[in-house]
Amino acid sequence: MNNKKLALPLLPYSYNALEPVISQKIMELHHDKHHAAYVNAGNIALEKLEKIRLGEMEGNLREVMRDFSFNYNGALLHSLFWQMMRPAQENNAPDEKVRQAIDENFGSFDNFKKEFSGAATSVEGSGWAVLWKDKEGRLMAGQLEKHNLLGLNDMVPILVLDVWEHAYYLDYLNDKASYVEKWWQVVNWDYVRHIMGEVGQMV
Ligand code: MN
């Protein structure tokens, strides 16, 4: 038995809810095709692992585990990504508690925004910008290449930004920096606050 089977969650808003920052077309493709593909492939890899374990098939464990890591993490990151966005707001900003945690770890919100945006625009190839938190409440900004490389093993993601081309190219072409800059308008800081509280100390 293994309980890590994946499911494709519904979006917590309509496909056009994030316009004009992210178009309906991108959201439809991104959720219904890309995210769905990670869910399906992750579950296929999981089934293969179980069959290999039971001696029902032979397989290359290194290859299957690699597939599982890529697709499982891809599916989880997308589930998180949908939750941490909401319709665009002017001057969108975190509340006092989140801002205080960011100030303690980065010096100021502007420092954090600059570092996180820099992480997003400089990912090599396909990947994510991530804000992580550890059990002691320490925060770090960084990158994931693909969905699963460069992570920090004692930290969990609490804010993620998809900078794969499929996340922005239809709307922004090669202007990734504009996508990243506009994305700050749709960050759901209430959700970030919520999961900050679930991970380690309350903030
Ligand atoms: Mn994506």
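Since every read-out is calculated from the coordinates, none of them should be taken as a lab result. Computed from a prediction, not measured in an experiment: that's the story for all the values here. Note: ideal-geometry Cβ built from the backbone for every residue, glycine included; neighbour counts use all protein chains shown.
Does residue 81 satisfy being over 18 Å from residue 30 (Cβ atoms) and aromatic (Phe, Trp, Tyr)?
Details: over 18 Å from residue 30 (Cβ atoms): no; aromatic (Phe, Trp, Tyr): yes.
Here the answer is no, as residue 81 does not meet what is asked.
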**OP:** Filter the stretch 131-174 down to residues that are buried (at least 21 other Cβ atoms within 10 Å of the Cβ) and more than 16 Å from the ligand (Cβ to nearest atom) and give me whichever is farthest from residue 21 (Cα to Cα).
**Re:** 133
Original post:
Of 9, 20, which residue is outside any helix (DSSP H, G or I), more than 15 Å from the ligand (Cβ to nearest atom), in contact with a helix residue (DSSP H, G or I) (Cβ under 9 Å, 6 or more places away or on another chain) and over 17 Å from residue 163 (Cβ atoms)?
Top reply: 20
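Here are 71, 43: which of them is within 16 Å of the ligand (Cβ to nearest atom), outside any loop (DSSP other than H, G, I, E, B) and either buried (at least 18 other Cβ atoms within 10 Å of the Cβ) or under 16 Å from the mean Cα position of the chain (by Cα) (or both)?
Values: 43 fails: within 16 Å of the ligand (Cβ to nearest atom).
Sole residue among the options that is within 16 Å of the ligand (Cβ to nearest atom), outside any loop (DSSP other than H, G, I, E, B) and either buried (at least 18 other Cβ atoms within 10 Å of the Cβ) or under 16 Å from the mean Cα position of the chain (by Cα) (or both): 71.
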